[in-house]
Amino acid sequence: MVEPQQASPLLNGEENMTGAETNMRLKLPIICFILEIILIILFGVLVQYDDETDAREWHNKLNHGNKSHSEHNGHAESEIHSEYENDFYYRYPSFQDVHVMIFIGFGFLMTFLQRYGFSSVGFNFLIAAFSLQWATLMQGFFHGMHGGKIHIGVESMINADFCTGAVLISFGAVLGKTSPVQLLVMAIFEVTLFAVNEFILLSILGAKDAGGSMTIHTFGAYFGLTVTRVLYRPNLDKSKHKNCSVYHSDLFAMIGTIYLWMFWPSFNSAVTAHGDDQHRTAMNTYYSLAACTLATYGMSAVTAHDGKLDMVHIQNAALAGGVAAGTAGEMMLTPVGSMIVGFLAGIISVLGYKYLSPILEEKLKVQDTCGVHNLHGMPGVLGAIVGAVTAAVATTDVYGKGMEDVFPDVAKGDITASYQGVRQAISLAVTLGMALVGGLIVGFLLKLPIYGAPPDTICFEDNIYWEVPGDDDEEDHKDKAVRMTETERLNA
Amino acid sequence: MVEPQQASPLLNGEENMTGAETNMRLKLPIICFILEIILIILFGVLVQYDDETDAREWHNKLNHGNKSHSEHNGHAESEIHSEYENDFYYRYPSFQDVHVMIFIGFGFLMTFLQRYGFSSVGFNFLIAAFSLQWATLMQGFFHGMHGGKIHIGVESMINADFCTGAVLISFGAVLGKTSPVQLLVMAIFEVTLFAVNEFILLSILGAKDAGGSMTIHTFGAYFGLTVTRVLYRPNLDKSKHKNCSVYHSDLFAMIGTIYLWMFWPSFNSAVTAHGDDQHRTAMNTYYSLAACTLATYGMSAVTAHDGKLDMVHIQNAALAGGVAAGTAGEMMLTPVGSMIVGFLAGIISVLGYKYLSPILEEKLKVQDTCGVHNLHGMPGVLGAIVGAVTAAVATTDVYGKGMEDVFPDVAKGDITASYQGVRQAISLAVTLGMALVGGLIVGFLLKLPIYGAPPDTICFEDNIYWEVPGDDDEEDHKDKAVRMTETERLNA
Amino acid sequence: MVEPQQASPLLNGEENMTGAETNMRLKLPIICFILEIILIILFGVLVQYDDETDAREWHNKLNHGNKSHSEHNGHAESEIHSEYENDFYYRYPSFQDVHVMIFIGFGFLMTFLQRYGFSSVGFNFLIAAFSLQWATLMQGFFHGMHGGKIHIGVESMINADFCTGAVLISFGAVLGKTSPVQLLVMAIFEVTLFAVNEFILLSILGAKDAGGSMTIHTFGAYFGLTVTRVLYRPNLDKSKHKNCSVYHSDLFAMIGTIYLWMFWPSFNSAVTAHGDDQHRTAMNTYYSLAACTLATYGMSAVTAHDGKLDMVHIQNAALAGGVAAGTAGEMMLTPVGSMIVGFLAGIISVLGYKYLSPILEEKLKVQDTCGVHNLHGMPGVLGAIVGAVTAAVATTDVYGKGMEDVFPDVAKGDITASYQGVRQAISLAVTLGMALVGGLIVGFLLKLPIYGAPPDTICFEDNIYWEVPGDDDEEDHKDKAVRMTETERLNA
């Protein structure tokens, strides 16, 4: 009696309206299989275990370390005396926290739309699973080659997840308006550009950006915003009634928010130097986020309708403190400095949602579904600036021997701290440039009418790419008939 | 067509009934901003990185450790020879588990109410973000001062989360009947009293309470119960129809339950001594919880209506085993001892929900929304008693050199084990006294009609403080019209 | 007005139809209490802390290690010099990830059914809490006895969770058609057989199976499939309308899927040797899963209705890569090898859901609710075969000194690598035999009409064992009356 296919006559009607061009039967399998086969071939040719994951290499290191033990004082990081010194134990817990942010955090954060939950979690899952493999190769090309091979281990896994994060930020900007094929094509190019930009920043310019205020957030946001600008849909208001949340979808989104919030300290500290650096970065981020949350609640109540809190602010702006601590988190920002940064980020972010987003949409034709400009764009730029300033004022008095880990070139005396600040500022400019130019090109590429993008009337709707079961009401269809009769009896 | 504001005429009606006094436009921003600015000032004046997070201090320790390496056998904890010995690696995974319990666990556990999910997760988020900052200061004042400064690191982050846990327990007692401003005011005072009580117990009385059966659970529960008693609402039954769950809200609550259950071993072991102590505490808690779960299912079926299981019991009583292992978990309680404690805690907790809560509400006028008396109150007292007994029977034969970590004063020979048991018992009494007196005072303070508390008719309702989107039915409004016509056709 | 008990007249009708025999008032409490009391007695007699959790033993090891420090080069694993070398720090983070998979992963994965969410999460919780205690004893009998006592620590906790995993896989096969009493009886026997099979494979045959492709997945799947075959219900289609998902239930299920997917690297690596082995296993699994996900999306679109993605595939088949990397994950499978394995697993799994499951149900009368044959059965067998082949081609050239950790008998020269491959293949055959014979016997035992199993008409329905609150529509009952009138006005 309750056949899912028959349950939604209106949706089926819509489905008929769209017909063949959004059908994924050939397009999606072809791109998935071609991409995965290319990945497999390239991994086969290029990728190897690094010396912490390779059985022979690790045991060579281990035996060598043991033999030389009596000749040295202390443990230089390159000497290994115990299985317990494998980097797995000092990076993997952070990796798993980052992994949760990528798949649960981003995935569920975007489920706020009433009928786009399958796509939010599901496409997030698909493009993340692709991007992390592709990023392993791209990042490996640029800074992991050893004798013609890319060596991988837990640190490259974290970096691949980081790169994936940037793609998911861009996904937030175009959410609801793109087909999975379009998203995979976007990911191919964005991952590549990310790796180039990261290489320029970290290896050529010598900037520091452990938590990715620039490389991840600023890049991902402005890339995605440019893409969504190019893909501007003048008639998107035909899908307006789908482009909002319902009660339960907002609760699902809070799962994403809270996981992002909780694990952001692990995100920012995941690839910083071991010891005080990881410890300090996690703590700075923790206090930045806490301060940001109070700012967000305060600003939401003061700006929103009737003094009521707005879920959009809570779900997003409360996270801006993590973004803004992404560059300076590993520096001696101090707890109070972190709190001030988080506090400002929360204020800016809520103001962005309230006042800037409508302007961006109306004047600049940027249809930013998740408001990534407010969560990743502006707070990312803030984070980059804070990083530049914090770097510029670094002194040996404050950092001691720890300067080597945070600013190695300053510690060596090659450059001054102020010059490190300049590097940071240039890096921000480069990132913005790469994101805008890259987004422009990729946006036009994605405009080609071959990817099965949804028509303006059926954006923000799972039904177009997913077999959607009858919703809760289907089940009650029968019951409701009964209840209605009761109601009618009461009314009669 | 589907304007959220117009979607719920009845709720808007209610909203009009309440009017200005529950409006948060000024009250919430003012308290959020004032509190955060005070926090920032105090952090600026008082708080510093500890020597595991400070770049200079850590590297001084590290270099000193390396130099002295050849002079010593073994690694005393104060000597550092490697970045890997930073406490970050031995506390941070536990910290993240605790963090998940505080924000996801407590937050979602309270989403069981049908129309209070935004507030449950959202106010939980707000007061936790505030409390952890305030707790850093308060706990620092009482036991973290070094030369006029509070030194912070991962251990203080865990302790701040612990203190926050007590506030969230009290939140459970008053859930649905308080404004966010009231909750923040409650948190200010409760965090302060928590820090005083903790200082008395751990530093003055020399009690052990690593998982907080006394400091967190007993204190939080009886404080909250006293507050809700003072805030007694004789006409609360006007909101009775909102004070229950729906199918999906119970599933959301199970997310909270399961996370609390899974990570409780990390909670109880997060600040115990390194080595066997953390290991043993986690394992004791694991078995206590498992036994508690079987007791809960058995008791729920035997007491509940028609032999059916009651979600309230499963969501809450299954956790009592973690509470009850909070004090004795680090001691040589043995696996079987842990299971007996968990088993008893589960039985007591279900009986409390079934028989005691109605009496408390009717006779003592304690309106305990989440039943924190059954989950945290009684099991907390049980845990304190088990801790006192286990301490009293401790012998060097059982603990060996490990006595130093668990009962340092007994190991030094300053006191006997029985006296340690007496200390534990006194600590329970002090905690109960502090909670009751503190709750009484704070309760009366919260009674002032200035905080925008909800009227009796609109308790347990998000709409009063949140912009609530149309729920699932809104979206189907249009569809339903169609379906109804179909139904009518069928009926005709 | 909104009394949950009165809210669903149809369901109440069903309830009356079933009457006393499914009533759990006595059956469930009796079995829960008897089992827990037996567990407590056996733990009291047999179980002790191991030397990493026992205060005295650990400190003896620690002091001994420190004294002997100057006499040795390097740290053999048996020498302990620091509290930080307690295995807690090198296993517990993996344990917690596994724990999340067992309770959140499996629990929520099964919430896809529209009206069986309480039972999915709730019975998962109950039987897991029982199984982990019982598994501690059973696995301890077979390979953890020291002087007549079972010694336990974090590694035995992981193993207990692993064994529980197998029971939960079997639960997936019978989901919706069994009472909690039946499930507990099944768990008693399955845990016992699991421990026997594991002992034969790992200790007698000398096979390797760290992630349990054979011991957990193949065993759990074919055991469960045999049980559900024996419990065949010819009239199950009377409950067909309940045996499907709704929109939100599919989103809840995605929580389970994503957690399983994210933490599978921790699962496969949780009990492998320390160092490169854990590191490599986690990374192999990571890439296997990523490749599997792309295969799943491609296959789902190509096979499913109208080129749309099918949630059943995404929720399940995307995980097959983790299952298939369960045996070979710790070996030198290489990243590309892992990707190929995952890719094949995803393809096989989707094809199974699409074409094999209907045949199994119609021809072989195997009613496999969750399709465990496609997620755990076939991918488990694939994983076993991949493990056998990978073992057979192992060379000292590739493994170096690391051969000792992965294939100790090959490293010692006792057997050749090819013979290790034969061992692996025999282990698969033994596992299949144990699962089928065991499932047959236990299936007939569960057929006895004494456990309160649901009648054919009320399968896949929480209401039979749980007090179910009115669902979302109850709350709106009143509102809807109002809205209907509005609609009618519009229509008029």
Worksheet item: Which ones in the stretch A:27-47 are more than 7 Å from every other protein chain (Cβ to nearest Cβ) and in contact with a Gly (Cβ under 9 Å, 6 or more places away or on another chain)?
Response: A:Lys27, A:Ile30, A:Ile31, A:Leu46
Discussion item. It is to be established whether one or more residues within the stretch A:198-211 are more than 14 Å from chain B (Cβ to nearest Cβ), open to solvent by less than 10 Å² (accessible area, probe 1.4 Å) and within 18 Å of A:Phe112 (Cα to Cα).
Written reply: no
Worksheet item: Quick one: is B:Thr178 in contact (Cβ under 8 Å) with a residue 12 or more places away in the chain, out of contact with any Asp or Glu (no Cβ under 7 Å at 6 or more places or on another chain) and open to solvent by less than 10 Å² (accessible area, probe 1.4 Å)?
Response: yes
Response to the item:
Every listed condition ((1) in contact with a Gly (Cβ under 9 Å, 6 or more places away or on another chain); (2) open to solvent by less than 10 Å² (accessible area, probe 1.4 Å); (3) of a type in the set (Ser, Thr, Tyr)) holds for B:Thr164 save (1)
Worksheet item: Right, C:Thr228: closer than 23 Å to C:Gly122 by Cα, hydroxyl-bearing (Ser, Thr, Tyr) and outside any helix (DSSP H, G or I) or not?
Response: no
Discussion item. Condition check: of a type in the set (Val, Ile, Thr), within 22 Å of B:Phe444 (Cα to Cα) and within 14 Å of chain A (Cβ to nearest Cβ). Does B:Ile127 satisfy that?
Written reply: yes
Discussion item. Would you confirm, using the coordinates I've provided, whether B:Gln367 is under 18 Å from B:Ser203 (Cβ atoms) and at pLDDT 95 or above?
Written reply: no
Practice prompt. Among the residues of the stretch B:115-150, write down those that are open to solvent by 20 Å² or more (accessible area, probe 1.4 Å) and touching a strand residue (DSSP E or B) at 6+ places or on another chain (Cβ under 6 Å).
Written response: B:Lys149
Discussion item. For the list (1) assigned to a helix (DSSP H, G or I); (2) open to solvent by 70 Å² or more (accessible area, probe 1.4 Å), I need the number of the one condition that B:Asp414 fails.
Written reply: (1)
Fill in: Test for A:Met378: is it facing chain B (nearest Cβ under 9 Å) and touching a helix residue (DSSP H, G or I) at 6+ places or on another chain (Cβ under 8 Å)
no
Worksheet item: So how many residues does the stretch B:442-466 have that are within 11 Å of B:Pro180 (Cβ to Cβ), open to solvent by 10 Å² or more (accessible area, probe 1.4 Å) and not aromatic (Phe, Trp, Tyr)?
Response: 2
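Yes or no, residue by residue, for (1) of a type outside the set (Phe, Trp, Tyr); (2) closer than 30 Å to B:Asp237 by Cβ; (3) modelled with pLDDT of 95 or more:
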position	(1), (2), (3)
B:Ala425	yes, no, yes
B:Leu428	yes, no, yes
B:Ala435	yes, yes, yes
B:Gly439	yes, yes, yes
B:Leu446	yes, yes, yes
B:Ile450	yes, yes, no
B:Glu461	yes, yes, yes
B:Asp473	yes, yes, no
B:Val482	yes, no, no
Worksheet, complete the sentence: Flagged in the stretch B:1-43 as modelled with pLDDT of 80 or more, of a type outside the set (S, T, N, Q) and assigned to a loop (DSSP other than H, G, I, E, B), in numbering order, are B:Met24, B:Arg25, B:Leu26
Item to complete: Return a yes/no flag: does the stretch B:366-389 have any residue that is acidic (Asp, Glu), more than 18 Å from B:Thr431 (Cβ to Cβ), open to solvent by 20 Å² or more (accessible area, probe 1.4 Å) and in contact with a Leu (Cβ under 9 Å, 6 or more places away or on another chain).
Response: yes
Worksheet item: Pairs under 6 Å by beta carbon, first residue of a type outside the set (D, E, K, R) in the stretch C:24-35, partner open to solvent by 40 Å² or more (accessible area, probe 1.4 Å), six or more apart or different chains?
Response: C:Pro29/B:Val302
Worksheet item: How many residues does the stretch A:266-305 contain that are out of contact with any strand residue (DSSP E or B) (no Cβ under 9 Å at 6 or more places or on another chain), within 8 Å of chain B (Cβ to nearest Cβ) and in contact (Cβ under 8 Å) with a residue 60 or more places away in the chain?
Response: 6
Discussion item. Quick check on the stretch A:76-93: of everything there that is in contact (Cβ under 8 Å) with a residue 40 or more places away in the chain and more than 10 Å from chain C (Cβ to nearest Cβ), which residue is surrounded by the most Cβ atoms within 10 Å (Cβ to Cβ)?
Written reply: A:Tyr90
Discussion item. Looking at the stretch C:278-319 only, could you name the residues that are under 20 Å from A:Ile38 (Cβ atoms) and surrounded by fewer than 24 Cβ atoms within 10 Å (Cβ to Cβ)?
Written reply: C:Val302
Worksheet entry | Subset of the stretch B:330-365 [of a type in the set (A, V, I, L, M), open to solvent by less than 20 Å² (accessible area, probe 1.4 Å) and under 28 Å from B:Arg233 (Cβ atoms)] | B:Val350
Discussion item. crowded, with 24+ Cβ neighbours inside 10 Å and within 19 Å of the chain's Cα centre (by Cα): is that true of A:Thr272 in this structure?
Written reply: no
Worksheet item: Just for helices (runs of 4 or more DSSP H) wholly inside the stretch A:51-158: which have at least 1 residues that are in contact with a helix residue (DSSP H, G or I) (Cβ under 9 Å, 6 or more places away or on another chain) and at pLDDT below 95?
Response: A:55-67, A:117-143
Discussion item. Regarding the stretch A:421-428, can at least one residue be identified that is in contact with a helix residue (DSSP H, G or I) (Cβ under 8 Å, 6 or more places away or on another chain), open to solvent by 10 Å² or more (accessible area, probe 1.4 Å) and under 30 Å from A:Ala304 (Cα atoms)?
Written reply: no
Worksheet item: When you scan the stretch B:234-251, how many residues do you find that are away from every other protein chain (no Cβ under 14 Å), open to solvent by 30 Å² or more (accessible area, probe 1.4 Å) and not polar (S, T, N, Q)?
Response: 1
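The values are calculated or read from the model by the stated rules, or taken from the named source; none is laboratory data. Please read these numbers as outputs of a predicted model, since none were measured by experiment. Quick reminder, even Gly has a Cβ in these numbers, built from the backbone with ideal geometry, and neighbours come from all protein chains shown. SASA here: full protein model, heavy atoms, side chains in, ligands and nucleic acids out. Shrake-Rupley method; radii C 1.70, N 1.55, O 1.52, S 1.80 Å.
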